[in-house]
Amino acid sequence: MIKEYALDPSLLRSWKDLRYFLETMGVSRGRLISRYPKRWKALVYNGLSDEMGDTERKRIEEALNTINDKLFPRRGGWNHEVGWLENAEAEHARAPFAGILSSDNPRSNSSVLLGDEISDSSAAWVATTQIEIQRDPELMAEAVAPLLRNSREIFFVDPYFSPTTQRYTSTLAAFLLKTTRGGLDFPRVQYLCKANGDSRFFSRNCMSELPRFVPKGLDLEVVLLKEKLGGEKLHDRFILTDRWGVQFSVGLDSHGPNEVTTTIVTLLTEDLWSTLYRKYVSEHPAFERAGSPIRIRGTA
């Protein structure tokens, strides 16, 4: 659903070139630029022509400072004896990109896409922002794995979450496994659901049932929300992060007997993500909090 492309810094020699990729990349378009190597932005800047005017250089510098939401972190090897393209081809053999975008292809590598030949009809360039998948824990988690692995904050939003219902806990476990990034780092994670019934009973169930579904070393906060009088309704289901967002049409649970077996997963536009982030997790959200967060320490 989200494609990661290696982008040759030599393609970005002008503001016009950089602007094209800024406009066609991003989670909401189903494409991300691989931050390969880690100093990729420096390679772009250092490769700019000495004859470039100060105004154009400044525009590119400002764009590079705000491009992080379009970059996909990658921990790959690097051989200082060869150039970017040869390194990218070797890295692709280790862990494939969706494609390598470059200005030339001296070794006739079928995975290399020439920058001036890219079009919406190019199969390797086609991306989708909406898919229909089975409501299966592994398939649901895999669909959003790149978002979960590369976010510092993750907010699951499903008003009907139940800590004692397997179809919810099984998907929660699958989602959380994708957040741990090989145990190297743990994000802040909250699950936002609707306050309904005895909150003390709900809290006890969370404390007793959820630790075994949360990876060891990861902390989960369950937050109960209440609708404000005359305000918005708690109904829609999302996964929101500090950078991106995705909507599930049916819910964040797997399907049960006699239930809809599929869900539509949609990548949110930047504007809609920003609106929803403010609505659910800002200092002044659209919903009231019912008590303090329920803190769960993982034991899985």
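Values quoted throughout were computed directly from the atomic coordinates according to the rules given, and no laboratory measurement underlies them. The structure presented is a predicted model; accordingly, all values stated were derived computationally and were not measured. Ideal geometry is used to build each Cβ from the backbone, glycine not excepted, and the neighbour counts take in all protein chains shown.
Can you check what the net charge comes to around I294, using other residues whose Cβ is under 13 Å from the Cβ of I294 (Lys, Arg +1; Asp, Glu -1)?
Here the count lands on +2.
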State the extension gain, in nm to one decimal, for the chain segment bounded by S14 and V126, taking 0.36 nm per residue of separation less the distance between their alpha-carbons. 37.9 nm
When the charge dipole of region 182-277 is computed with +1 at the Cβ of Lys and Arg and -1 at the Cβ of Asp and Glu, the Cα pointing farthest to the positive end, of T269, N196, L218, is that of N196
Given H placed on each backbone N at 1.01 Å, which residues far from L218 in sequence or on other chains put an amide H within less than 5 Å of it? G298
Treating only the Cβ of Lys, Arg, Asp and Glu as charged (+1, +1, -1, -1), what charge dipole size does the chain show about its Cα centre? Round to the nearest 20 debye. 1120 debye
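Kindly state, to the nearest 0.05, the FRET efficiency for E153 paired with S208, given R0 = 41 Å and r defined as their beta-carbon distance.
0.95
Run lengths n ≥ 4 of DSSP H only: what is the helix-derived mean residue ellipticity at 222 nm for the chain, with -39500 (n - 2.57) per run over all residues, to the nearest 500?
Calculated at 222 nm, the ellipticity per residue is -8500 deg cm²/dmol.
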Hey, with R₀ at 25 Å, roughly what FRET efficiency would N109 and N46 work out to, going by the Cβ-Cβ distance, to 0.05? 0.50
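Which value, in Å³ per residue, describes the convex hull spanned by the Cα atoms of region 3-125?
Cα-based convex hull of region 3-125, divided per residue, equals 110 Å³.
When the Cα atoms of the chain are enclosed in a convex hull and the volume is divided per residue, what value in Å³ results? Intermediate values should be presented prior to the final figure.
Values: hull volume 47.1 nm³, N = 300.
Roughly 157 Å³ of hull volume per residue.
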Working out 0.36 nm times the residue gap between R278 and K216, then minus their Cα-Cα distance, what length gain in nm do you get to one decimal? 19.3 nm
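Which value, in debye to the nearest 20, gives the size of the charge dipole of region 1-123 about its Cα centre, when Lys and Arg are +1 and Asp and Glu are -1 at the Cβ?
560 debye
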Pair D236, T299: separation of 7 Å Cα→Cβ label points (nm): 3.7 nm
Under the definition of Cα pairs under 8 Å and six or more residues apart, what whole-number percent is the relative contact order of region 3-125? 32 percent
Top positive-direction residue, dipole computed over region 3-125 with Cβ charges, set A6, G76, A93: G76
Net charge (Lys, Arg +1; Asp, Glu -1) of residues whose beta-carbon lies under 10 Å from that of A127, A127 excluded, is +2
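For a Förster distance of 30 Å, can you work out the FRET efficiency between the beta-carbons of R200 and T269, rounded to the nearest 0.05? Please report the intermediate quantities before stating the final value.
On the way: r = 39 Å, r/R0 = 1.32.
Efficiency at R0 = 30 Å is approximately 0.15.
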In terms of modelled amide H atoms, which long-range or inter-chain residues lie less than 5 Å from the amide H of G245? L268
So what's the net charge close to S162: Lys and Arg +1, Asp and Glu -1, counting the other residues with Cβ under 15 Å from its Cβ? -1
7 Å from Cα along Cα→Cβ at both R39 and E23: what's the point-to-point distance in nm? 3.2 nm
In percent, how large is the relative contact order of the chain, given Cα pairs closer than 8 Å and 6 or more residues apart? 19 percent
Ranking Q247, T129, A290 by how far each Cα lies towards the positive end of the charge dipole of the chain (+1 on Lys and Arg Cβ, -1 on Asp and Glu Cβ), the top one is A290
Over the alpha-carbon set of region 130-297, divide Rg by the Kirkwood Rh and report the Rg/Rh ratio to two decimals. 0.93
Using a basic spin-label model with each label point 7 Å from the Cα along Cα→Cβ, how many nm lie between V250 and R289? 3.3 nm
With an 8 Å cut-off on Cα pairs and a minimum separation of 6 or more residues, tell me the relative contact order of region 87-208 in percent. 21 percent
